[in-house]
There are 2 protein chains.
Amino acid sequence: MKILVIGATGTIGRAVVAALSPRHEVVSASGHHSPITVDLADPISIRAMYDAVGMVDAVVSAAGLARFKPLDQLSDDDFQFSLSNKLMGQVNLVRCGFEHVRDRGSFTLTSGVLARLPMPGSAAISLVNSGVEGFARAAALEAPRGIRVNVVSPPWVTETLQSLGMDPSQGLPAASVARYYVESIEGTQTGVILEASKMSR
Amino acid sequence: MKILVIGATGTIGRAVVAALSPRHEVVSASGHHSPITVDLADPISIRAMYDAVGMVDAVVSAAGLARFKPLDQLSDDDFQFSLSNKLMGQVNLVRCGFEHVRDRGSFTLTSGVLARLPMPGSAAISLVNSGVEGFARAAALEAPRGIRVNVVSPPWVTETLQSLGMDPSQGLPAASVARYYVESIEGTQTGVILEASKMSR
């Protein structure tokens, strides 16, 4: 398969590229430092990316930013930024991407554990993650030509916790998270939220 | 209790007002035809509403619009309208409302069954409903002074199905849906999605 991975330079994206590369042709895209660059918050940039990449069998998004701040410090701009980037950015990857994905291809988006298990500071992120999941469940019903749409909901990732100076023992290694993306791409499920967790793998 | 009901002229809002009025002081607000008018998509209008109403014990939102259309006909504007109205409108009711709600008061927002059970045409609505739920779960953790934040997720409402010329037997009467709002206001739960259904009542 030819697989476009957006967010390929991130902690999860790198692990997804590593997991897919032995068996598939991977095209890496990200905001910077990738063969293809894309600004997820800009639909024109998304369309230009698809035009540059051509037809693919699968699109993976391990991308999208949202603001983590105490609720009383989250500004209108923080919400707008989060909605434009991780939420509508991924929505637009699907909307603009259908015509660039082959029959029975797939989209795999990324939400996160804060959708269901929020913590203080996560109001914008929890909103965005839940919104991505709601959109994907619905979009899967209307995707043309057997194209599938799933979401991986990663927990805290070991490498991320390490970089934040937090206890990494609570996290799941990025390589383990990447298996859920592979499952979405190579499997047959659609409209599913794959909740990556230590428990199930 | 003094309770502000936004969307008081809608099918659910009228039933909520009817259920609350015998025991509480209800202040009705809506886009038109209410003592207090508010444009949910406009934070300035939301702030003016709160200033006009003064301190309350509970805020109920049975308001918010989102666009229902086939996915390939949902425009950028349809998404933007839906995000600004039913999603960020309700988010801003909470953000702007904390200072107008008394200690141990509550916010009760509205999502809908399409958050979890989408149908063709519901991509924007499913996104918005899920986003409202994700936000409320998180906001409940940071609400000050014992203020609670819940969401009622109504199913198809009998009266709505009737007005659309659809089979009303699949719906729940608005008066039954209203009981879930009363439960949120008069109970002690917070961060909860109250899934209104025929099965549980």
Shielding score for A:113-121, defined as the mean number of other chain Cβ atoms within 10 Å: 4
Other copies of B:Ala175: label-to-label distances in nm, shortest first, labels 7 Å along the beta-carbon direction: 6.4
In nm, spacing of pseudo-spin labels at B:Ser75 and B:Ile44 (7 Å Cα→C-beta vector): 2.5 nm
Solvent exposure, largest accessible area first (probe 1.4 Å, DNA, RNA and ligands not counted), of A:Phe79, B:Phe81: B:Phe81, A:Phe79
Surface/4 of the Cα convex hull for chain B, nm²: 10.7 nm²
Of all the C-alpha pairs in region A:21-111, what % are more than 16 Å from each other? 56 percent
Copies of B:Leu161 compared via label points 7 Å along Cα→Cβ give distances in nm, shortest first, of 4.7
Keeping the other protein chains in place, figure out the carbon and sulfur percent of the accessible area of the protein assembly as shown, with a 1.4 Å probe. 56 percent
Could you tell me what % of all Cα pairs in region B:117-187 have separations over 21 Å? 41 percent
Per-peptide average of other Cβ atoms within 10 Å, ordering A:65-73, B:154-162 highest first: B:154-162, A:65-73
Express in whole angstrom the spacing between the alpha-carbon centres of region B:1-50 and region B:71-98. 18 Å
Modelled label-to-label distance, A:Met55 and A:Glu99, 7 Å Cα→beta-carbon offset: nm? 1.5 nm
Loop sites in region B:117-196: trypsin sites (Lys or Arg not before Pro), DSSP, at most 13 other Cβ within 10 Å: B:Arg145
Counting only protein heavy atoms, probe 1.4 Å: which residues of region B:130-160 lose 20 Å² or more of accessible surface in the full assembly compared with their chain by itself? B:Ser130, B:Gly131, B:Gly134, B:Phe135, B:Arg137, B:Ala138, B:Leu141, B:Glu142
Can you give the alpha-carbon Rg of the protein assembly as shown over 2.2 N^0.38 Å, where N counts its residues? 1.00
Listed pairs A:Lys86/B:Lys2; A:Lys2/A:Lys86; A:Lys69/B:Lys69; B:Lys2/B:Lys86; A:Lys86/B:Lys69 exceeding 28 Å between Cα atoms: A:Lys86/B:Lys2; A:Lys69/B:Lys69
Between copies, how far does the label point of A:His33 sit from its twins, in nm, shortest first, when each point is 7 Å from Cα along Cα→Cβ? 5.8
For the interface of chains A and B, what total accessible area is buried with a 1.4 Å probe, rounded to the nearest 100 Å²? 2600 Å²
accessible surface per residue for chain B, probe 1.4 Å, DNA/RNA/ligands not counted, whole Å² -> 40 Å²
Please give me, ordered by residue number, the trypsin sites (Lys or Arg not before Pro) of region A:3-60 that lie in loop per DSSP and have at most 14 other Cβ atoms within 10 Å. A:Arg23
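The values are calculated or read from the model by the stated rules, or taken from the named source; none is laboratory data. All values reported here derive from a predicted model rather than from experimental measurement. Glycine also receives a Cβ, built like all others from the backbone with ideal geometry; neighbour counts cover every protein chain displayed. Side chains are part of the model used for accessible areas, which takes the heavy atoms of the whole protein and leaves out ligands, DNA and RNA. Shrake-Rupley method; radii C 1.70, N 1.55, O 1.52, S 1.80 Å.
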